[in-house]
């Protein structure tokens, strides 16, 4: 985190030069921005991209796990069967499923409100701005004390999370496309 905050303070770095100072620059690709999203971007904008990448990567990791688990094990809604991408439709067609969906929606709502309060400046003060000193993805939630104390170990953990999130985003896109194309379960 110290590296991220120190990098924000360096006004000479912007765009890809700034992005290369952040975690996630690992082999085999190194710095990977084939579409040039970081070109001509200020550090604050690059940090918004990193926040979005971490959030979507975390959701994709849960979704990838959900594909594997949901297809084989769903004791709460045993009537749901078929491709995972269609099971939510089946669950929401029941009264219990609608209650469960509402609870899930409220859990997402409150977690996003918490994330916005921790990391983002209030919209009436400034739009699309992260708080000063906030490192993207660092919500202070570590109930098991897994966050390493040493900076090198923490950087390694950040790199693993970013890379696994990137892989999960590709995997979920592939699994979804496969189920849409085939109309069948992935792991039947």
Residues of region 73-95 that turn out to be over 21 Å from residue 184 (Cβ atoms) and surrounded by 12 or more Cβ atoms within 10 Å (Cβ to Cβ), as a count: 2
Residue in region 143-157 that is within 16 Å of the chain's Cα centre (by Cα), free of Cβ contacts under 8 Å to residues at least 24 places away in the same chain and assigned to a helix (DSSP H, G or I) present: yes
Some residue of region 129-140 being touching a strand residue (DSSP E or B) at 6+ places or on another chain (Cβ under 9 Å) and within 30 Å of residue 83 (Cα to Cα): no
Complete set of residues in region 158-181 that are touching a residue at least 24 places away in the same chain (Cβ under 8 Å) and out of contact with any helix residue (DSSP H, G or I) (no Cβ under 8 Å at 6 or more places or on another chain): 158, 159, 163
Test result for residue 167, surrounded by 13 or more Cβ atoms within 10 Å (Cβ to Cβ) and part of a loop (DSSP other than H, G, I, E, B): no
Which listed residue, of 128, 115, is part of a helix (DSSP H, G or I), under 23 Å from residue 47 (Cβ atoms) and in contact with a helix residue (DSSP H, G or I) (Cβ under 8 Å, 6 or more places away or on another chain): 115
Test for residue 40: is it out of contact with any strand residue (DSSP E or B) (no Cβ under 8 Å at 6 or more places or on another chain), in contact (Cβ under 8 Å) with a residue 12 or more places away in the chain, exposed (fewer than 15 other Cβ atoms within 10 Å of the Cβ) and more than 29 Å from residue 153 (Cβ to Cβ): yes
Hits in region 33-82 (condition: modelled with pLDDT under 90 and assigned to a loop (DSSP other than H, G, I, E, B)): 34, 73, 74, 75, 76, 77, 78, 79, 80, 81, 82
The lone exception for residue 163 - which of (1) out of contact with any strand residue (DSSP E or B) (no Cβ under 8 Å at 6 or more places or on another chain); (2) over 20 Å from residue 80 (Cα atoms) it fails: (1)
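The values are calculated or read from the model by the stated rules, or taken from the named source; none is laboratory data. Note that the structure is a prediction, hence the values are computed from the model and not measured. Every residue, glycine as well, gets a Cβ built from its backbone with ideal geometry; the counts of neighbours run over all protein chains shown.
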